[in-house]
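The values are calculated or read from the model by the stated rules, or taken from the named source; none is laboratory data. Predicted, not measured: the structure shown is a model, and the values here were computed from it. Every residue, glycine as well, gets a Cβ built from its backbone with ideal geometry; the counts of neighbours run over all protein chains shown.
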Amino acid sequence: MKKAIFPGSFDPITLGHLDIIERGVKLFDELIIAIGVNADKKYMFSLEERKKFIEDSFKDEPKIKVVTYKGLTVDFCLKNNVDFILRGLRNPADFEFEKAIAHTNRDLAPIETVFLLTAAKTSYISSSIVRDVIRNDGDYTKLVPETVRVQ
Ligand code: ADP
């Protein structure tokens, strides 16, 4: 059984993440969307909100599970028999950043990182831009799944 994890902050999940998840799920038997918990980071959305946005987006997809985790992604993988880490690439900056993480992860554990190139139409979207649009009362709904709504 091929199990993969798609780790991230998802603050909030965007149409860019959605694209990677919808294409990535076809490659694996199970895809775990894992929200990393970092006590030092300030988030716009609480962990519960971020989790619910994702769960609501994929409630009809039995191959997708949503979890939260603390600590190293590779440790989560080893504990849960996950062999692959899925990541999305938007641009050269993503590539350089992801390359260092993937090499480090492979030093730590025999886990392969699989990269999917972003769809052209969502390649400019990032959670930080979405948060900026929300903070400034812009129409963020074009950038995120329907399940993401600010109260
Ligand atoms: P992190 O804090 O780990 O970077 P993010 O939630 O920002 O978490 O991103 C999680 C993953 O989703 C990363 O692999 C990132 O490159 C990818 N990603 C984010 N936005 C997009 C996008 N628009 N298109 C494709 N992949 C994306």
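Tabulated data for the structure shown
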{"read-out": "Qualifying residue in the range 40-60 (condition: part of a helix (DSSP H, G or I), touching a Ser or Thr at 6+ places or on another chain (Cβ under 9 Å) and of a type in the set (S, T, Y))", "value": "yes"}
{"read-out": "Residue pairs meeting the criteria (Cβ under 6 Å; at least 6 apart or on separate chains; first assigned to a loop (DSSP other than H, G, I, E, B), in the range 113-125; second near the ligand (Cβ under 7 Å from one of its atoms) and among the acidic types (D, E))", "value": "A119/D19"}
{"read-out": "Filter result for the condition that a residue is closer than 18 Å to G16 by Cβ and within 13 Å of the ligand (Cβ to nearest atom), over D94, D56", "value": "D94"}
{"read-out": "Filter result for I54 (touching a strand residue (DSSP E or B) at 6+ places or on another chain (Cβ under 6 Å) and either among the acidic types (D, E) or farther than 26 Å from R106 by Cβ (or both))", "value": "yes"}
{"read-out": "Hits in the range 37-50 (condition: more than 15 Å from T14 (Cβ to Cβ) and either in contact with a strand residue (DSSP E or B) (Cβ under 6 Å, 6 or more places away or on another chain) or among the hydrophobic types (A, V, I, L, M, F, W, C) (or both))", "value": "V37, A39, L47"}
{"read-out": "Conditions (1) under 25 Å from R149 (Cβ atoms); (2) near the ligand (Cβ under 10 Å from one of its atoms); (3) of a type outside the set (G, A, S); (4) touching a residue at least 40 places away in the same chain (Cβ under 8 Å); number of the one not met by I64", "value": "(2)"}
{"read-out": "Pairs, first at pLDDT 95 or above in the range 92-103, second among the hydrophobic types (A, V, I, L, M, F, W, C), C-beta under 6 Å, six or more apart", "value": "F95/L89"}
{"read-out": "Residue within the range 18-31 that is farther than 28 Å from R135 by Cβ, within 13 Å of the ligand (Cβ to nearest atom), assigned to a helix (DSSP H, G or I) and small (G, A, S) present", "value": "yes"}
{"read-out": "Per-region count, the range 62-94, residues surrounded by fewer than 13 Cβ atoms within 10 Å (Cβ to Cβ) and in a helix (DSSP H, G or I)", "value": "3"}
